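I have placed the structure first, in the form of structure tokens, so that the comments after it can refer back to it.
The values are calculated or read from the model by the stated rules, or taken from the named source; none is laboratory data. Since the structure is predicted, the reported quantities are computational estimates derived from the model, not experimental observations. Note: ideal-geometry Cβ built from the backbone for every residue, glycine included; neighbour counts use all protein chains shown. The accessibility values were calculated without ligands, DNA or RNA, using every heavy atom of the protein model including side chains. Shrake-Rupley method; radii C 1.70, N 1.55, O 1.52, S 1.80 Å.
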Amino acid sequence: MSYQISTELDPSCWAEEYRRDSRCRVHEFLTAASAAEMVQAITGNARFRQAHIADGEYRELSREEFSSLPLAQRQQLVRNVYSLATRGVGFWYGRHGINSGTKDALGEIYQWLSSDETLKLVRKISGIPTLGAPSAQLTAFAPGDFLTRHRDDVTSEKRKIAFVLNLTEGWHPDWGGLLQFFHDSGETRDSWSPLFNSLCLFDVKHVHSVTCVAPFAPRARLAISGWFHDHA
């Protein structure tokens, strides 16, 4: 499958919006067929592992590994994750990393993310001509999953533009999973609901979070996220 960006997009319009606040949300980014095919590729091939911080280190745990832990150990792990979250640190969500070495259907998604067509469009919208291939992950935020407030600015990695391509149809904002932006003071600013087939682009210096997915959400919030790096 060769994924296609919608031919009806007006990059200059989104570039103007991005210039005003170093962020924009591009609606109906892919063609309808491409968006549907991408969802199918992810749901049929991704093996999500629960990303979190434990004992001061980043860790991932498959659903099978988590289920195999003794009940007391599972409860303690979740308590530790929530304890960090009360202090504004950490996350708990399903993750499947993709890169240039990823094969088959998921590798095709990364190839599309790194393609000249995609990079050319993101460069035009952001106004940064030196952007190169991104680092990326497939994410599934199930009920109870969250990502606390943070910046994505990592100087050593030369991250410039964060992105989130939302791939869950019919998501209701009451279900949580909102991309929440904050002022530098810590006060809430505004939030973007994960509208299906929308591409969120924002400067990595923006403070943001993903709000906790409600326990009554009927399905996971599916997306592709990551960062475009400066290759100057």
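Quick one: Glu157 ticks every box in (1) in contact with a His (Cβ under 7 Å, 6 or more places away or on another chain); (2) open to solvent by less than 70 Å² (accessible area, probe 1.4 Å); (3) over 26 Å from Gln40 (Cβ atoms) except a single one, so which number is it?
Result: Glu157 fails condition (2) only.
Quick one: in the range 33-58, of everything that is free of Cβ contacts under 8 Å to residues at least 40 places away in the same chain and either loosely packed, with under 13 Cβ neighbours inside 10 Å or under 15 Å from the mean Cα position of the chain (by Cα) (or both), which residue is farthest from Leu165 (Cα to Cα)?
Asp55
Regarding the range 1-19, can at least one residue be identified that is within 18 Å of the chain's Cα centre (by Cα) and surrounded by fewer than 17 Cβ atoms within 10 Å (Cβ to Cβ)?
No: the range 1-19 contains no residue that is within 18 Å of the chain's Cα centre (by Cα) and surrounded by fewer than 17 Cβ atoms within 10 Å (Cβ to Cβ).
Just the residues that are part of a loop (DSSP other than H, G, I, E, B) and either without any contact (Cβ under 8 Å) to a residue 40 or more places away in the chain or at positive phi (or both), please, taken from the range 109-162.
Residues of the range 109-162 that are part of a loop (DSSP other than H, G, I, E, B), as a first pass: 114-115, 127-130, 142-145, 151-154, 158.
Selection gives Ser114, Ser115, Gly127, Pro129, Gly144, Lys158.
Restricting attention to the range 201-208, does a residue exist that is closer than 23 Å to Ala136 by Cα, out of contact with any Lys or Arg (no Cβ under 7 Å at 6 or more places or on another chain), basic (Lys, Arg) and touching a residue at least 12 places away in the same chain (Cβ under 8 Å)?
No: zero hits.
Kindly provide the set of residues from the range 85-99 that are surrounded by 13 or more Cβ atoms within 10 Å (Cβ to Cβ), over 15 Å from the mean Cα position of the chain (by Cα) and β-branched (Val, Ile, Thr), ordered by number.
Answer for the range 85-99, where residues must be surrounded by 13 or more Cβ atoms within 10 Å (Cβ to Cβ), over 15 Å from the mean Cα position of the chain (by Cα) and β-branched (Val, Ile, Thr): just Val89.
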